[in-house]
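Worksheet: one structure, shown below.
Rule-based calculations on the coordinates, nothing more; no lab input. None of these values were measured; they are calculated from a predicted model. So basically every Cβ, Gly included, is an ideal-geometry build from the backbone, and we count neighbours across all protein chains shown.
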Amino acid sequence: MATVKNRRILLGRRPTGEPSEADFALSEIELEDPQPGQMLLRTLWLSLDPYMRGRMSDRKSYAPSVQIGDVMVGGTVTEVVASKLEGFIQGDIVEGRTGWQEYALSDGAGMRKVDPALGPISTALGVLGMPGMTAYFGLFNIGQPKPGETVVVSAAAGAVGAVVGQLAKIRGCRVVGIAGAPEKCAYVVNELGFDECVSHREPDLAEQMEKACPKGIDVYFENVGGRVFQAVLPWLNDFARVPVCGLIAHYNDIELPAGPNQVPLLMRAILSHRLTVRGFIRGDFLDQQASFFEDMSRWIREKRIKYREDIVEGLENAPGAFLKLFRGENFGKLLVKVATAVKA
Ligand code: NAP
């Protein structure tokens, strides 16, 4: 084992504005053998997610930043190569946060065994993992959609948004997506069963939203912010709920946008329409994981929830692929296939 190299992708420097491939550095170190109480994991799948942009900066957030020279943080599905840790044996498939590298040593903290019977193991990073949970927890706990209500979701063809819309359909709602490319809009309507989808590239986005939501909007699941939020805000009904899941349009901002201060308008809308606007992170609702896995695996089996993966091959291609998230160039859950399972 000692001659095997571990290729890793490190944070090379902190980006200013939109990240670039030059912000990352590829490094190789010799692999160490697991000590008692440890297991050696080989990465099969690496998840690429928008939150990683926040970890690249040193701005204070709900989770610590990656330090320069450290392995980039990331969710993975790995295979146990060797184990000196009770409860894990060679060949087990495990989901955890081992980062952008081909191998990792782990003491088992934060690691979850994946049941391959529930679906392809890559789904443990998507529809049956963090993004799926985010959609389920945020929509049901904060959005609280009721049959017949109108639910709008932005980044609708993405990992979180696609699940949000399908869950709202299961709840009997009218669902309107907002996405970029026409193919993404066609996909969420024709494949996922949304009622309508509006492209945020349309110059008259607010008018398009009014047309798509003739009874106003009861739940707006916010993934984007920026001009998308501005186009939705006028159509929120009294007592509408806004789960604030993400603000990807702002992650690369280096300063506040120019123009008049719009906070008073927002506060007036919140007051006069008695809006509930609540930010959340997936980890706030981990006590609901058991019901998530039960419901979601059943809905996938019943084909009531569909999913799409955007797969890039090879760890070395992770930095370039990551940048696609901020340009709308991913189509589905963005994953890097790092290796194939020995058992597969
Ligand atoms: P994703 O939707 O699979 O990919 C990101 C998508 O965002 C892009 O494909 C693009 O879609 C859209 N986008 C990027 N920049 C944009 C811009 N300036 N204006 C409008 N749309 C833009 O990503 P995801 O993993 O599902 O994440 C979606 C959101 O949820 C992100 O904001 C993320 O940070 C957040 N999130 C939050 C939690 C939590 O715990 N709170 C957990 C997971 C994810 P189009 O091509 O359609 O524009």
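The table below lists the values:
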quantity: Over 28 Å between alpha carbons, listed pairs Lys84/Lys337; Lys113/Lys337; Lys184/Lys303; Lys84/Lys333; calculated: Lys84/Lys333
quantity: Viscosity 1.306 mPa s, 10 °C: Kirkwood-radius Stokes-Einstein D of segment 180-263 over Cα pairs, µm²/s; calculated: 112 µm²/s
quantity: Positive-end residue, segment 194-344 charge dipole about Cα centroid, Cβ charges, pick of Cys245, Asn223, Ser291; calculated: Ser291
quantity: Chymotrypsin sites (Phe, Trp or Tyr not before Pro) restricted to DSSP loop in segment 54-109 with at most 15 other C-beta within 10 Å; calculated: Tyr62
quantity: Net charge of neighbours whose Cβ lies under 13 Å from the Cβ of Leu125, counting Lys and Arg as +1 and Asp and Glu as -1; calculated: +1
quantity: MRE, 222 nm, helices only [DSSP H, n ≥ 4, -39500 (n - 2.57), over the chain, to nearest 500]; calculated: -6500 deg cm²/dmol
quantity: Ordering of 264-271, 147-154, 281-288, 239-246 by burial proxy (mean other Cβ atoms within 10 Å per residue, highest first); calculated: 147-154, 239-246, 281-288, 264-271
quantity: Projected label distance in nm at Arg268 and Asp253, using a 7 Å step from Cα toward the beta-carbon; calculated: 2.1 nm
quantity: Check: the chain dipole with +1 on Lys, Arg Cβ and -1 on Asp, Glu Cβ, in debye; calculated: 640 debye
quantity: Coil-residue trypsin sites (Lys or Arg not before Pro) of segment 1-99, DSSP, other Cβ within 10 Å capped at 10; calculated: Arg59, Lys60
quantity: Top positive-direction residue, dipole computed over segment 54-97 with Cβ charges, set Phe88, Ala63, Gly75; calculated: Ala63
quantity: Peptides ranked, highest mean first, by Cβ atoms within 10 Å: ranges 112-118, 319-325; calculated: 319-325, 112-118
quantity: Residues in segment 124-162 that a label on Leu118 would reach, taking backbone N under 16 Å of a point 7 Å out along Cα→Cβ; calculated: 124-137
quantity: Over the chain, relative contact order from alpha-carbon pairs under 8 Å, at least 6 apart, %; calculated: 18 percent
quantity: Paramagnetic label zone (point 7 Å from Cα along Cα-to-C-beta, Asp107; backbone N under 13 Å) in segment 29-72; calculated: 35-39
quantity: Once the Cα gyration tensor of segment 1-149 is diagonalised, semi-axes √(5λ) in Å; calculated: 28, 24, 12
quantity: Sparsely packed GluC sites (Glu not before Pro) within segment 1-54, loop by DSSP, other Cβ within 10 Å at most 16; calculated: Glu32
quantity: ³J(HN,Hα), Karplus 6.51/-1.76/1.60, whole Hz, each residue of segment 11-25, x for Gly, Pro; calculated: 6, x, 6, 7, x, 10, x, 5, x, 9, 4, 5, 7, 10, 9
quantity: Semi-axes of the equivalent ellipsoid for the chain, Cα gyration tensor, largest first, Å; calculated: 37, 23, 17
quantity: Length gained when the stretch Thr340-Ser291 is fully extended (0.36 nm per residue, less Cα-Cα span); calculated: 14.6 nm
quantity: Any cysteine of the chain lacking a neighbouring Cys Cβ under 4.7 Å - listed by number; calculated: Cys173, Cys213, Cys245
quantity: Nitroxide proxy distance, nm - points 7 Å out along Cα→Cβ at Asn190 and Arg97; calculated: 3.9 nm
quantity: Computed E for Ile29/Lys306 - FRET, C-beta separation, R0 45 angstrom, nearest 0.05; calculated: 0.65
